[in-house]
Amino acid sequence: MAAPMYFSVVVTVTIVKLLLIPSYRSTDFEVHRNWLAITHSRPVSQWYYEDTSEWTLDYPPMFAWFEFLLSRIAKLFDPAMLEVTNLNYASFATVLFQRLSVIVSDFVLVYAVYECCQCVQVLCCFRCCQCVQLVGKKKSPHLLSQPMFVLAVLLLWNFGLLIVDHIHFQYNGFLTGLKLLSIARILQRRHLEGAFWFSLLLNFKHIYLYIAPAYFIFLLRSYCFTRSNRDGRVQWTSLSLMNLFGLGVVVLEVFAISFGPFIAMGQLGQVLSRLFPVKRGLVHAYWAPNFWALYNIADKAATAVAVRAKLLSADDITKATMTGGLVQEYTHNALPTITPLVTVILTLAAMMPALVHLWRRPCTPRDFLRCLVLCAFSSFLFGYHVHEKAIILIIIPLSLLAVESRQDGQVFLLLSTCGHLSLFPLLFTQAETPSKVCLMLMFSLFAFMSLGVLHSSSKKRPYCLPLLSPLETAYTVGLVFLQLYCSLGHHTLGLTTRLPFLPLMLTSVYCAVGVMWSWLKFYLITLTDMQHLKQS
Amino acid sequence: MDTRFGTLCTAVVFAVFVRWVVSLNSYSGMGKPPMYGDYEAQRHWMEITTNLPIKQWYFNGTDNDLLYWGLDYPPLTAYHMWLCGKVAEWIDPDWTSLFASRGYESYEHKLFMRYSVLIGDVVIYIPAVLLYCFLQKKFTHTQKVLLSCVLLLFPGLIIIDYGHFQYNSISLGLTLWAVIALSHRHEVLGSAAFMLALCYKQMSLYHAMPFFCYLLGKCWQQRWKKGFFSLCCIGVSVLATFAFVWMPFLSDKDLFLQVVHRIFPVARGVFEDKVSNFWCSLSVVVKFRNFMSHEGLLKLCLATTLLGLVPSSLDLLFRPSGNKFKLALVNSSLVFFLFSFQVHEKSILLPALPVCLLLPWRPFTSTWFLTIATFSMLPLLVKDGLVIATLITSILFIIAVELGLQGVSSDPTIGCPVCIWSSKNLPWLPHRVFFYAVKSGFYASLMGALFLGLLSVVVPPPSSLPDLWPVLISVYSCSHFIGFTLYYHIVQLMTTDSKETAAQKTKKTQ
């Protein structure tokens, strides 16, 4: 892709981000302001003990250092925001600074996406040849048929990143940038650099532990073991101690720099207790569209049936909180209550086939990406206290696959549409409704159009969205009606007081169905891909 | 799904998105009692129109204090406000209750007001722009989509309507419908649409002269009987539209005169605040008020405006053509803006509309004009707290032009009268010289605007000259506008629509 084209994508999306400055901000804005204040005005030894505000520092040390650096600049904007006791302080200069800090740190993402686009050129080599052959006859290739351009827009204009970072307020763009950079390095076969960026990323935000197994298996399999047998199995004798040692040094070094000072001060226990708070509950206040949303709704239904059938007495039922309640532990009535241990076991069990699959074949970058997506999927679907925002962890790496193969594109279109719609409740203020609907429409329109053009086939199904089957099309159209009901119908029917949480519940359950379906389909694609390899 | 339709949808959604995001900013007079600003004016009109009988809307009375944002727009605005007021009343009666609702501000009310602007825009202005772009036969589909996206991103209109708060997109949209209708030979519909625009906002008079001359000129060209007949049709359509809109006010002479008096406030000053027009800039040097009466000033304004209108109007009258018509719209509204009486800084949007229409043919000068037009409203926007939004949307617009009009034309010297003249008369002068001269002039002018804008925001003016920055900005913009007026006049006079004139000649000989 030509650099000017990439530049224009970057500039327009940056302008959109700047325009979003006056939007609504969630409490995460105050969280990050508080962290700026803590890292600026408290000594390092106090960082993980400070609790003036309820929003204590609960990210790994690298992120604290990042906030520390930001606070140096923040001083120039408004020193008052750096006082720990100045709770909920949001002067114009503070807002401007914090918003700009997100926008500027997003340039890590810009660089990483550029690197990824260069890699996709290699990944898509085969497709590209086809593409050139097809388009070669015409005068100039359509912009939408250039995988690199499509990928750049899908990643930089990602709906989830835009609303979570630039409206809701977080630094996911920057972190996603680090992740994509590590992926790009691995795709370029610069494994050590990839490992470095990923361990750095883990020390910025530990949610990326979700995808760590894929990195672990991949690096072990294709960096530490240097050769494969004819059938694609690992050749055990090819273990390179040199590579293993190098990898260990890189990873441990990053962790040592990050956690070392806190271990030296004997604060490791305190830091870890902040990073992994227990007693939070199986699901978040708003159910993420995962397996547990379906489980909860099944529990509700079963309870209702049981009460009707007099199997359960109404007194036994704990005052169950619907979605939208406070963050707290949640006990099921009809179905067994889920403990954290169960979720861990289920998550690992769900990842296992993908990891084994990755191990048993000569790892190609595409296999690695697939496994990465599946790990993110498993953690999202079965994890304990998963946030709906974690869907971004799946959609971003899946975008890379979507531009190179038709099947992945199909999964991507369905998952990105329902996954992004499930983020709508995150922005509940009325003024943000048009913004989020417009952004979502733009992203989805572009995704459907571009992937439709990119993977166009001679066989066209009438009345279907590009690449989707009739059933999936019906589901996607259903999302529109769901959103119409949630934003207009529910209020008009006058159910707001009687069933206040119904729209949220409907959204998460309906989207959960789509996410589960995409997961199963994607698993199937990944596992059958091997058979295809064997046959050939 | 059709890709062609998809790209169009994406462009429109993007335009709506930008509009909405700008509307999240503050509006004029937000939290500034006792008078607030234009936002309160519009809300107050909703209050007046829903609570009072139609005959009292324009009269001072116990229930209607004209000194507090009295209704001073033509009836169509009043009806629109009545409609909005009824909806507002249905949502929350507090929003329109007489007297009690003065200065009402709330999160929900702001949303309601912003939505009302967006609906007007989506119903009238945006379809008109799309239609205009898609009727241009020369362009490919992609070019049409890009062109409409660029036109929809003109920052001045977005900032004034969605930031400052007004309903300009309705009157400008109606004018645009009229232009489209005229360019496709629907003179009756076109004149009716323009009459509606005029009945929505009297400022549309800036465009009246070209409409009149074009229609008259077109009828003149036809054979005697046919021409007279079409002239009658146009006249009937204009009068019928006028009568229809003004019906409730035509029963009584006093009532009618009162409305007219409210709409044309001759008693007010020659310009409001600091405007980048001729009189305001001249007043820096010459203090008219010391040696001229109010009446005299009024007459002077009238005389200069009429004199300024003569060249473009006569040209259009005798050689009417589609291109000349658009250029005459620019010229007439610019002359009005520069020389007429009681000019607001926002009135620059009226010349901006036809300049937008010229964008695909003269992208360079149009972009220049539109950017300076937005800049000229800066003092107002600073007051409203819209500086950042203005800056960002302006950058977005310039980038959109760069990207969107790439395929159309990128040479700034295209259509430049000086270049055409020199290529004929001074063949030894290389074309490149002009290219670089014009380009560097453009960048220097924009940098100057940016610099002046930054100064006005960052540096407090000296206490002896509190109005230093607004005056400098208006003089700076005014000098540009005078230059643009000359440029567009020359372009209009030099334009010879070869096809049309040829067609006319063959007609006449027949």
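The values are calculated or read from the model by the stated rules, or taken from the named source; none is laboratory data. In this text, all values refer to a predicted model and were calculated from it rather than measured experimentally. No Cβ is skipped: glycine too gets one built from the backbone with ideal geometry, and neighbour counts run over all protein chains shown. Ligands, DNA and RNA are excluded from the accessible area calculation, which covers all protein heavy atoms including side chains. Shrake-Rupley method; radii C 1.70, N 1.55, O 1.52, S 1.80 Å.
Structure above, values below:
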quantity: Per-region count, segment A:422-436, residues in contact (Cβ under 8 Å) with a residue 12 or more places away in the chain and more than 8 Å from chain B (Cβ to nearest Cβ); calculated: 10
quantity: Residue A:232 vs. criteria assigned to a loop (DSSP other than H, G, I, E, B) and surrounded by fewer than 17 Cβ atoms within 10 Å (Cβ to Cβ); calculated: yes
quantity: Residue A:327 vs. criteria open to solvent by 60 Å² or more (accessible area, probe 1.4 Å), at pLDDT below 90 and within 13 Å of residue A:385 (Cα to Cα); calculated: yes
quantity: Answer from B:328, B:352, B:400 - the residue that is in contact with a Ser or Thr (Cβ under 9 Å, 6 or more places away or on another chain) and within 14 Å of another protein chain (Cβ to nearest Cβ); calculated: B:400
quantity: Matching residues in segment B:20-38 - criterion: being touching a residue at least 40 places away in the same chain (Cβ under 8 Å) and within 9 Å of chain A (Cβ to nearest Cβ); calculated: B:20, B:22, B:23, B:25, B:26
quantity: Residue among B:5, B:17 that alone is open to solvent by less than 10 Å² (accessible area, probe 1.4 Å), in a helix (DSSP H, G or I) and within 14 Å of chain A (Cβ to nearest Cβ); calculated: B:17
quantity: Restricting segment A:17-41 to residues that are of a type in the set (Gly, Ala, Ser) and open to solvent by less than 10 Å² (accessible area, probe 1.4 Å), the residue that is farthest from the other protein chains (Cβ to nearest Cβ); calculated: A:37
quantity: Test result for residue A:57, away from every other protein chain (no Cβ under 14 Å) and outside any helix (DSSP H, G or I); calculated: yes
quantity: Subset of segment A:5-40 (residues that are of a type in the set (Gly, Ala, Ser) and over 18 Å from residue A:170 (Cβ atoms)); calculated: A:8
quantity: Filter result (touching a helix residue (DSSP H, G or I) at 6+ places or on another chain (Cβ under 7 Å), surrounded by 18 or more Cβ atoms within 10 Å (Cβ to Cβ) and either within 14 Å of chain A (Cβ to nearest Cβ) or assigned to a helix (DSSP H, G or I) (or both)) within segment B:90-110; calculated: B:95, B:109
quantity: Of the criteria (1) at pLDDT 80 or above; (2) assigned to a loop (DSSP other than H, G, I, E, B); (3) charged (D, E, K, R), which one residue B:268 fails; calculated: (1)
quantity: Segment B:396-452, residues that are open to solvent by 70 Å² or more (accessible area, probe 1.4 Å), at pLDDT 70 or above and closer than 24 Å to residue B:373 by Cβ; calculated: B:402, B:443, B:447, B:450, B:451
quantity: Among the residues listed as A:45, A:8, A:71, the single one being assigned to a helix (DSSP H, G or I), among the small types (Gly, Ala, Ser) and within 14 Å of chain B (Cβ to nearest Cβ); calculated: A:8
quantity: Positions within segment B:307-324 being of a type in the set (A, V, I, L, M, F, W, C) and surrounded by 24 or more Cβ atoms within 10 Å (Cβ to Cβ), in sequence order; calculated: B:316
quantity: Residue B:116 vs. criteria open to solvent by less than 40 Å² (accessible area, probe 1.4 Å) and either among the charged types (D, E, K, R) or not in a loop (DSSP other than H, G, I, E, B) (or both); calculated: yes
quantity: Unique residue being over 22 Å from the mean Cα position of the chain (by Cα), surrounded by 14 or more Cβ atoms within 10 Å (Cβ to Cβ), assigned to a helix (DSSP H, G or I) and modelled with pLDDT of 90 or more when the list is B:231, B:239, B:298; calculated: B:231
